[in-house]
1. Assuming GLU257 fulfils every condition listed in (1) part of a helix (DSSP H, G or I); (2) in contact with a Cys (Cβ under 6 Å, 6 or more places away or on another chain) apart from one, which condition is it?
2. Of the residues in the stretch 201-249, how many are at pLDDT 95 or above and either hydrophobic (A, V, I, L, M, F, W, C) or closer than 30 Å to ASN316 by Cβ (or both)?
3. Where residues in the stretch 205-232 are touching a Leu at 6+ places or on another chain (Cβ under 9 Å), part of a loop (DSSP other than H, G, I, E, B) and among the charged types (D, E, K, R), which of them is surrounded by the fewest Cβ atoms within 10 Å (Cβ to Cβ)?
4. For THR114, all conditions in the list (1) over 21 Å from SER93 (Cβ atoms); (2) buried (at least 16 other Cβ atoms within 10 Å of the Cβ) hold save one; what is the number of the exception?
5. Do we have THR70 as among the polar types (S, T, N, Q) and under 14 Å from the mean Cα position of the chain (by Cα) here?
6. Could you tell me which residue of the stretch 36-51 is farthest from the chain's Cα centre (by Cα), considering only residues that are in a loop (DSSP other than H, G, I, E, B) and of a type outside the set (Gly, Ala, Ser)?
7. Could you please let me know if LEU24 is within 16 Å of the ligand (Cβ to nearest atom), at pLDDT 95 or above and buried (at least 23 other Cβ atoms within 10 Å of the Cβ)?
8. Any residue at all in the stretch 52-74 that is in contact with a Pro (Cβ under 7 Å, 6 or more places away or on another chain), in a helix (DSSP H, G or I) and assigned by TED's automatic domain parsing to the domain that holds TYR147?
Amino acid sequence: MVEEVYKNIWRIEVPLPKSPLKFLNAYVIVGGKKNLLIDTGFNRQECKAALSKGLEKIGVSMDRTDIFITHLHSDHSGLVSDFIKKGRKVYCSKKDALDINLLRDFNRWKNNFTGAEKLGFPEDLDEYFDRHPGFKFNNTHDVEFSYVEDGEIIQIGEYSLQCVSTPGHTQGIMCLYEKNHRLLFSGDHILERITPNISVWSLENDALADYINSLRKIKKLNVDKVFPSHRNLFDYCHQRIDELIDHHHERLIEVKEILVRKSLQSPYEVASQMKWDIKFSNWDDLPHVQRWFATGEAMAHLVYLYNLRKVSLSDNKYYEFSNF
Ligand SMILES: [Zn+2]
């Protein structure tokens, strides 16, 4: 589906086969001399076909189009090297841009997950890495990026798009904010109905604390319309932010309750007892990828509680958490 969702702003629905996210919203801002494509889809045939068809229908040529990548995940960044034309720019935060090119090197990419071997996964970690969609559908070639920083403005036609750094879902994720029209391209930072995955694999990174701070940062902006990367556009930005913060507070309570039942639990064990909104009745039936993200999400909540001194940790062969 291709539709004009706001004056000179188009949404291309790019299918994400086998992903519970269903599709990616790639946005095209038509600016005359210069256009901007926000995010691309996985590097797979279905995505490529939908994106090409969408661009053709809108009537924009990639010869006049720069690309903005909200964050490193391959459902957003996977087709950059196939679509970018010589002389055009690809904007992204430095942190995520480096990771996008790193994704093309399996062994170096795996180093990003140092610490994951201590989360209590029962299988060898390569079982998870091999099936990881982020690795399977990344770019065909390395990408030359133009790094953007928090506060920087990208001008496209009548729109002044301000880069807003919102770490949490990834460390380098950025939203684009248009102050005059009160528009927010929220990437995966704020989605309607679905809660973005917040995962960590070691104690060093407190992504949940970052995420909650980044939600509060966006709450200070005046936003009338949110253009998220998945599912529907919506207008109740501040209410959605409150819902997301509440959701994580409920999750923190749930994790504490799981640790009341038994001490010394690994993040994997904790994840297996949390409630997940997915179509499998049994934790053991969940595909590897789902158990991988669920465990990362459990770890993010455990690290948040640990930094607040609300849970304790015994750091043996595995991370094992208990209530104080
Ligand atoms: Zn993402």
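The values are calculated or read from the model by the stated rules, or taken from the named source; none is laboratory data. Not measured: the values here are computed from a predicted model. Methodologically, a virtual Cβ is constructed for each residue, glycine included, from the backbone with ideal geometry; neighbour enumeration extends over all protein chains shown.
1. All conditions pass for GLU257, except number (2).
2. 21
3. ASP224
4. (2)
5. Against the criterion (among the polar types (S, T, N, Q) and under 14 Å from the mean Cα position of the chain (by Cα)), THR70 qualifies.
6. That would be ARG44.
7. Answer is yes for this residue.
8. Within the stretch 52-74, one or more residues are in contact with a Pro (Cβ under 7 Å, 6 or more places away or on another chain), in a helix (DSSP H, G or I) and assigned by TED's automatic domain parsing to the domain that holds TYR147.
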